[in-house]
1. Across segment 309-323, in residue order, what do the Karplus-derived ³J(HN,Hα) couplings come to in whole Hz, using 6.51 cos²θ - 1.76 cosθ + 1.60 with θ = phi - 60° and x for Gly and Pro?
2. Read phi for every residue in segment 115-128 and hand back ³J(HN,Hα) as whole Hz from Karplus 6.51 cos²θ - 1.76 cosθ + 1.60, θ = phi - 60°, with x for Gly and Pro.
3. If you average the alpha carbon positions of segment 142-191 and of segment 337-379, how far apart do those two centres end up, in angstrom?
4. Using a Förster radius of 45 Å, what is the FRET efficiency between residue 200 and residue 302 based on their Cβ-Cβ separation? Nearest 0.05, please.
5. For segment 178-191, in order, what is each residue's ³J(HN,Hα) by Karplus, 6.51 cos²θ - 1.76 cosθ + 1.60 with θ = phi - 60°, in whole Hz (x at glycine and Pro)?
Amino acid sequence: LTIYFRTRLPETPRFSLSRGRSDQAAAAARAITGAPVKAAPSDRPLSVPLRAILRNYGALIVATALSWFLLDVSFYSTSIFNPLILKQIGFAASAGANALAEVRILALGNILIALVAAVPGYWVAVALINRVGRRPLQMIGFTVMAVSFFLLSVAYAPLVAVLPAFLGLYGLTFFFGNFGPNTTTFVYPSEVFPTSFRTTGHGIAAASGKAGAVIAVFLFPTLLVAYGLSWFFGLLALVAFVGFLVTVTLLPETSQRSLEDISGEDELAVLVRRFSTYLRSLILTTAQGATALRELLREPDRDRDRQVARIRAIEHTADEEVHRIYIELNNRRLSPEVRTDVGHLASALDDIMDGIESVSARIATYRLKGRHPELDRFAAIVESCVEQVGKGIRRPGRPLPRPDRPPGRVDRRGEPARERGRRSPPGPPSPS
């Protein structure tokens, strides 16, 4: 039945959108909400490289996995071995040698702790998780667990002598465990990761928790026999305190925020659109400069000063656009790879525009006359290169078409014209 009903569940709209399946996303949204939803193409990237995920979300992967691991070490150490702990403190002493009575009393103790402490902790978490927030609940839970385990450790003998006091303090570890990390460690991984990595990130965190549970189950009996219950409570206090530190230093608050906002997908989309707009504007400006240079070289005698001034103005506009891009790069939290790639592209386009302006300035200085085929070809190559870069910028997130020539071939086409120009300055105008 579980497998059947699982096959009937629709895929989540966000995942479908992340894979470019807008029709499937709209159908799923209609099935969930009952309201008509219009399909629209998604501009989100089809996939995110694992290296980029680890670089941008590595701290969150560690935080969610480690906090779940630490919670399960402390929680399963007590919950699974709860009958053994109750027996150790003398909770079933009244049973005497009657094994059946002892089992009955220990089972009653388990039920009592579950009904009075563990289950209410869950319900309080359900009531407060959106009002108080995930992070405060997890911090409070780990803190009270650490303090309770510490007191159970340092005051073990006096507390065992007053059994209700021991049980009250011991019950707090269950109440605040469920009130805090036993609820929030499950919620956090489902919210902090982008759609393309959300299930994987949750799986990593959950697997880490199960590893903590396995370690707790295998180590508890050995440590209990070797060091005693008071020492073990001290170890659990340290584990809970480390969980508190992980929460404080690495985990953000996610309450009252959309999944896209929490995971940074909205910000990423905004940044992609913004830098795409800036780079498109810069490539258009550079293309204007390349076209203006070709027109100047085609007829250098015709209104030379005006054409040179026009190229100079275009170069000034390009400088302003590059400056704007670098301001955005410096004021945004971006990965080093994104910062480097965008910066290099903007710098390269700026260099092209500077070169165009430099050529036009020399034409004005040397008062070039007539048309020169080599310079015509050079200008055509510059214009072609700028056009190819523009096509790449206008196709973000999509594979570029295979070039007609190997990389560098287009660039090398300009070398002969440039070298011949260096060896012999422009001579008499060509017949053309």
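Laboratory data are not the source of any read-out in this text; all were calculated from the coordinates shown. Remember, predicted model here, so these are calculated numbers, not experimental data. Cβ placement follows ideal geometry from the backbone for every residue including glycine, while neighbour counts extend to all protein chains displayed.
1. My calculation for segment 309-323 gives 5, 5, 5, 4, 5, 5, 5, 5, 4, 4, 4, 5, 5, 5, 4 Hz in order.
2. Values, residue by residue: 6, 8, 10, 5, 5, x, x, 4, 5, 5, 4, 4, 6, 10 Hz.
3. Going from one Cα centre to the other spans 70 Å.
4. So, using R0 = 45 Å, E works out to roughly 0.10.
5. 6, 4, x, x, 5, 9, 6, 5, 7, 6, 3, x, 7, 10
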